[in-house]
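The structure appears right after this line, and notes come after that.
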Amino acid sequence: MNRAPEEVVEQLPEPMVQRPGPDASLLIRQAKVLDPVAGLDGTFDILVEDGRIAELADAGSLKTGNGMEVIEADGLHVFPAFFDPHVHLRTPGQEHKEDLETGTRAAAAGGYAGILLMANTSPPVSSPADISALRHQAETEASVPVGFMATVTRDMKGTELTDMSELREAGAVGFTDDGLPITDPGIMRKALQYQRMCGGTIALHEEDPDLSAGGVMHEGDISMALGLRGVPSISESVMISRDAAIAGYEGGRIQVQHLSATESIEAVRRAKKEGVQISAEVTPHHLCLTDEAVRSLDANRHKMNPPLRTENDRQALIEALKDGTIDCIATDHAPHAPHEKEVPYEAAMMGVTGLETAFSSVYTELVKPGIISLALLIEKLGCGGIPFDIEPFTLKAGSTANLCLIDLEAEWVVGEDGYESRSHNSWCEGERLNGRVLMTVANGQIAYRLRSFSMGVA
Amino acid sequence: MKHLLDIADLDREQVETLLDRADSFAEVTRRDIKKVPTLRGQTVVTLFYESSTRTSSSFELAAKRLSADVVSVKASGSSVDKGESLKDTVETLSAYDPAAIVIRHPYAGAASMLTDWVGASVINAGDGMHQHPSQALLDVFTLRNRLGSLEGRNIWIVGDVLHSRVARSNIAAFQLMGAEVTVCGPPTLIPRGIESTGCRVKYSLDDLEEADVIYLLRMQHERMGENFVPSIREYARLFQVNERRLGPRQLVMHPGPVNRGVEIGSRVIDSDQSLISDQVASGLAVRMAILYELLTRTGDAAGETPAGPVPIGEPA
């Protein structure tokens, strides 16, 4: 019997995979709840039973029993857990930086209950067998649900498309050559044509390598002073404009990763106005830091691609987050080992970790000073799955429990107690941040508890 | 002052003091016995990851004239060739307990990184396209000797400013000493953002007559392959400073090595207006002064406070 393509799509496997574990049952009392999806904002008691949110009731109304774990959350916040569509966990091939176990622990410590893993591993995730093997491995190692992206081009060489349909059937959530741009517009176009048949949003690292020309930081006054090769802002924006035009022409769906420059925001804004199916991410570090930070030449904290840009760019990113031009916050968590980072700036690998600090960093830099609202932060940390047809988590009664418990008053120094991640290249290393994740429930399982945070049993 | 990493770390008074010290060492270099015992028993390591003639030889000789023990390590033919990391190499050399490490490295910030890893004074002898502070100081010293002061002087830096650590440290040093700086070259070789240093930008030599001093940068042939200039021939026609373009009262400097007939005309190099050989001579005195300033700071180890340069054989 012949099947229509739509039916094939319906046969796709569950996008997210997690290690099986016991379902959580706990009562969280007197928590301040903020859930932009359900429109909740108030103090509630939350009853989690067998991994589901059984009841959300007036504060103080739920009673305990049966030896259930009770969390007295007076003064603490509960949010729907976060979802990060842009994470590098380095499996397979570079487990000295991170693996599925350490990486999902880092995600859980940051309040995440779902992450999408980039495909630029070693070797890259380019075949259906790669996807199947990784999903199998995640079933024993991932403490939060993970979804796998596949490459757009075979081994990220930019010349041939991968078997996109079969990759989707094997479980690829979407496609990306992240780490590298797709330089050939003909390949880009064909990938978007193929997408009409097999689905799967294409996430794009937008950069023109000829304009970047070996640059290591934003091109401007500071790159000039430091004698470092600069990456001009237009290196990003010209590729966004190109790909938005191709996506518009082909009716394709693209996600622009890690937006960094004012010109890029304009390109996305224009494309959205024209009706192109385009969405965009911004990282916490681009929201909080500028190229001024690079003066330290501390590659461990401040070398990444795209580079940190100017204060004007940073302000434009914040505005774009507020007005919806930017859809979500994604960390681009990119772990590297010390010997790859404790070298001169130009020689160091690009990338910083971000899962464990995403909420706290943006909360400290943008919410506490009143630049953006707490509700906006929770929304933008939560909605990263939407471009990939993964709905944001919610605390509505009846939902699977995906939540994080956060103490907004807590102050902590990043790295002081080590990291859950195997790597230490946090852009927040040594910073004093406000707001700390105390516990994360992911897909009904308790995925993380802060060591110093204990709870009572009734 | 423990390290010399970046001209921006210095103020005008520190530079004047250092150059006064260099004056007294210049006097020593004119004596029959050119050696002083100031750094006797101390070790100076020079660590060169890039080829160098002037800088490495003059630092080495400067340290020897001050009676230090000198260990010279070059990247080629050493463990660096075998893939040893900068950190491991530096930690290995630290076992000799050097008082100073002089480092040249192809990457910006390499010298600065060393300060986190070792207790020695670190001297930046060139880091990538970033800084070359001892060059800037010897250039200021050379000009001070010829002109008395740089205050209000008009200095043009001409050529490949984009790839030049000399340009970056010299703009800062010349401005610190009160000079007005103009950079000049084809737009492909002038870095974006250079105006933020307070210098003027010119894309032709038309107004070159304004300059009191013309500081030429080496035009590297490999830049042509990278399309920064269409041809060396055209570059020379547009930007070469030769006897036709040079006014009678203008001085010419060049950090070396020069490309005769490219950025500079042969006859200019050999003319009285050229300070190129003065620069090389100044290099030795200034680098002796740098080592002296960094390694004889009061309150240092063993409480020794050397009083100044004393020839060997005379009571210190």
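Structural remarks
- Within segment A:335-351, the set of residues being at the interface with chain B (Cβ under 7 Å from one of its Cβ atoms) and either of a type in the set (Asp, Glu) or closer than 16 Å to residue A:94 by Cα (or both) comprises A:339, A:342, A:346.
- Restricting attention to segment A:214-228, the residues that are facing chain B (nearest Cβ under 8 Å) and of a type outside the set (Val, Ile, Thr) add up to 9.
- Candidates A:436, A:422, filtered to the one that is part of a loop (DSSP other than H, G, I, E, B), assigned by TED's automatic domain parsing to the domain that holds residue A:37, among the basic types (Lys, Arg) and buried (at least 19 other Cβ atoms within 10 Å of the Cβ): A:422
- Conditions (1) at pLDDT 95 or above; (2) buried (at least 16 other Cβ atoms within 10 Å of the Cβ); (3) not hydroxyl-bearing (Ser, Thr, Tyr): number failed by residue B:87: (1)
- All of B:60, B:16 fail the test of being within 23 Å of residue B:171 (Cα to Cα) and under 18 Å from the mean Cα position of the chain (by Cα), apart from B:16.
- Scanning segment B:187-201 for residues that are among the aliphatic types (A, V, I, L, M) and within 12 Å of chain A (Cβ to nearest Cβ) gives B:190, B:194, B:201.
- Output for segment B:211-242, where each listed residue is more than 12 Å from residue B:263 (Cβ to Cβ) and surrounded by 14 or more Cβ atoms within 10 Å (Cβ to Cβ): B:211, B:212, B:213, B:224, B:228
- Across segment A:182-189, a minimum of one residue is classified as among the charged types (D, E, K, R), free of Cβ contacts under 8 Å to residues at least 60 places away in the same chain and either under 26 Å from residue A:307 (Cα atoms) or crowded, with 22+ Cβ neighbours inside 10 Å (or both).
The rows are residues; the columns are (1) in contact with a strand residue (DSSP E or B) (Cβ under 6 Å, 6 or more places away or on another chain); (2) in contact (Cβ under 8 Å) with a residue 12 or more places away in the chain; (3) closer than 17 Å to residue B:114 by Cβ; (4) small (Gly, Ala, Ser).
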site: B:22; (1), (2), (3), (4): no, yes, no, yes
site: B:25; (1), (2), (3), (4): no, yes, no, no
site: B:32; (1), (2), (3), (4): no, no, no, no
site: B:37; (1), (2), (3), (4): no, yes, no, no
site: B:72; (1), (2), (3), (4): yes, yes, yes, yes
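- Scanning segment A:288-305 for residues that are outside any helix (DSSP H, G or I), more than 14 Å from residue A:347 (Cβ to Cβ), in contact (Cβ under 8 Å) with a residue 40 or more places away in the chain and not hydrophobic (A, V, I, L, M, F, W, C) returns a single hit, A:305.
- Of the residues screened, residue B:158 is not one that is in contact (Cβ under 8 Å) with a residue 12 or more places away in the chain, surrounded by 24 or more Cβ atoms within 10 Å (Cβ to Cβ), within 21 Å of residue B:245 (Cα to Cα) and within 14 Å of chain A (Cβ to nearest Cβ).
- Residue A:151 being free of Cβ contacts under 8 Å to residues at least 40 places away in the same chain and more than 21 Å from residue A:246 (Cβ to Cβ): no
- Taken together, the residues in segment B:105-120 that are touching a residue at least 40 places away in the same chain (Cβ under 8 Å) and more than 12 Å from every other protein chain (Cβ to nearest Cβ) amount to 1.
- Test: residue B:101 is crowded, with 24+ Cβ neighbours inside 10 Å and among the hydrophobic types (A, V, I, L, M, F, W, C): yes
- Some residue of segment A:69-88 being of a type in the set (A, V, I, L, M) and either within 21 Å of residue A:136 (Cα to Cα) or free of Cβ contacts under 8 Å to residues at least 40 places away in the same chain (or both): yes
- Among residues of segment A:401-421 that are over 15 Å from residue A:453 (Cβ atoms), those with a Cβ under 7 angstrom from a residue that is among the hydroxyl-bearing types (Ser, Thr, Tyr) and surrounded by fewer than 24 Cβ atoms within 10 Å (Cβ to Cβ), sequence gap 6+ or separate chain, pair up as A:421/A:102.
The values are calculated or read from the model by the stated rules, or taken from the named source; none is laboratory data. The model shown is predicted, which means the values in this text are computed figures rather than measured ones. Cβ sites come from the backbone with ideal geometry, for glycine too, and all protein chains shown count toward neighbours.
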